[in-house]
Amino acid sequence: MKFLKILSLVLITNIVFAQDKKNEMESSSIEMKFDELYKKSSSYQKYKVIDKIAYSELKQYVLISLKKLENTIDNEKKDVTKLNDESTKLNNEIKNLKEKLDTSIAQENKISFLGIDLNKINYNIIVWSIISILIASLMFFIYKYKDSNSTTKRTQITFDEIEQEFELHKKKSIEKEQQLRRKLQDEINKQRGV
């Protein structure tokens with residue numbers, strides 16, 4: 001796009017300078033024609049007398065030069081209008097391309113998450129928040145599991161110790177009971193045998 005603008009500017013500049021040189025040459029040649037007519041004309045008192053044929057030739061030359069200059073000006077105006085139209089067209093294309101680029105960038109920076117269009121930054125914040133919450137929950141549940149597990153192990157060990165004590169107590173109680181029964185049986189036997 002910039003290349004086209006620069007190229008257009010260079011072409012316009014070249015055309016304008018070329019026309020300026022051509023106009024300068026024509027104006028200098030017109031000036032030379034007037035000087036030549038002035039030199040060829042005769043003087044009468046303080047006036048110059050100009051030959052009608054030379055005047056007609058000069059008039060024709062000036063009119064032709066003016067016509068050429070008018071044509072050149074019209075052509076230049078057409079060229080300028082054409083270049084302005086092209087410039088406007090190119091500016092419109094640039095504007096359309098910028099709009100498409102902005103739309104494309106906006107589309108690239110959006111992510112649809114749960115049916116909601118989100119900016120990538122917001123999406124990243126939401127995802128990392130969810131991940132952080134899940135990690136924190138996992139750590140909490142791991143802590144709770146270990147705490148419960150250690151409590152369960154302690155309770156199991158305590159239960160095993162109590163069960164062993166109970167079994168020991170039970171054995172002792174059974175032994176005591178058996179000893180008491182023997183003693184009772186011995187007493188009963190003594191009482192009967194007496």
Practice problem: Just report the Cα centroid separation between segment 41-76 and segment 145-194, whole Å. | Solution: 148 Å
Quiz item: How high is the relative contact order of segment 38-149, given as a whole-number percent (alpha carbon pairs under 8 Å, six or more residues apart)?
Solution: 8 percent
Exercise. Identify all lysines with a Cα-Cα distance to LYS46 below 24 Å; exclude those on the same chain that are fewer than 8 residues away in sequence.
Key: LYS33, LYS59
Quiz item: Straight-line reach from LYS77: which lysines have Cα under 19 Å away, leaving out those fewer than 8 places along the same chain?
Solution: LYS5, LYS21, LYS22, LYS67, LYS68, LYS89
Quiz item: Where the only charges are on Cβ atoms (+1 Lys, Arg; -1 Asp, Glu), what is the dipole of segment 113-183 about its Cα centre, to the nearest 20 debye?
Solution: 500 debye
Quiz item: Once you charge only the Cβ atoms, +1 for Lys and Arg and -1 for Asp and Glu, what is the size of the charge dipole of segment 67-145 about its Cα centre, to the nearest 20 debye?
Solution: 180 debye
Quiz prompt | Extension gain, ARG182 back to ILE121 (0.36 nm per residue minus Cα-Cα distance, nm) | solution = 13.1 nm
Quiz item: LYS144: which lysines have alpha carbons under 19 Å from its alpha carbon, excluding same-chain residues fewer than 8 sequence positions away?
Solution: LYS153
Practice problem: Return one whole number: the accessible area per residue of segment 103-178 in Å², for a 1.4 Å probe. | Solution: 90 Å²
Quiz item: Ordered by residue, what ³J(HN,Hα) values in Hz, to whole numbers, does segment 124-131 give under the Karplus form 6.51 cos²θ - 1.76 cosθ + 1.60, where θ = phi - 60° and Gly and Pro are x?
Solution: 4, 4, 5, 4, 5, 5, 4, 4
Quiz item: Sorted by mean Cβ packing within 10 Å, highest first, what order do the peptides 61-72, 125-136 take?
Solution: 61-72, 125-136
Self-check item: Residue (of ILE157, SER173, GLY193) at the positive-pole extreme of segment 136-194, dipole from beta-carbon charges
Solution: GLY193
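The values are calculated or read from the model by the stated rules, or taken from the named source; none is laboratory data. Just so we're clear, the structure is a prediction, and the values are computed from it rather than from any experiment. Using ideal geometry, Cβ is built from the backbone for each residue, glycine included, and neighbour counts are taken over all protein chains shown. Side chains included, ligands, DNA and RNA excluded: accessible areas come from the protein's heavy atoms. Shrake-Rupley method; radii C 1.70, N 1.55, O 1.52, S 1.80 Å.
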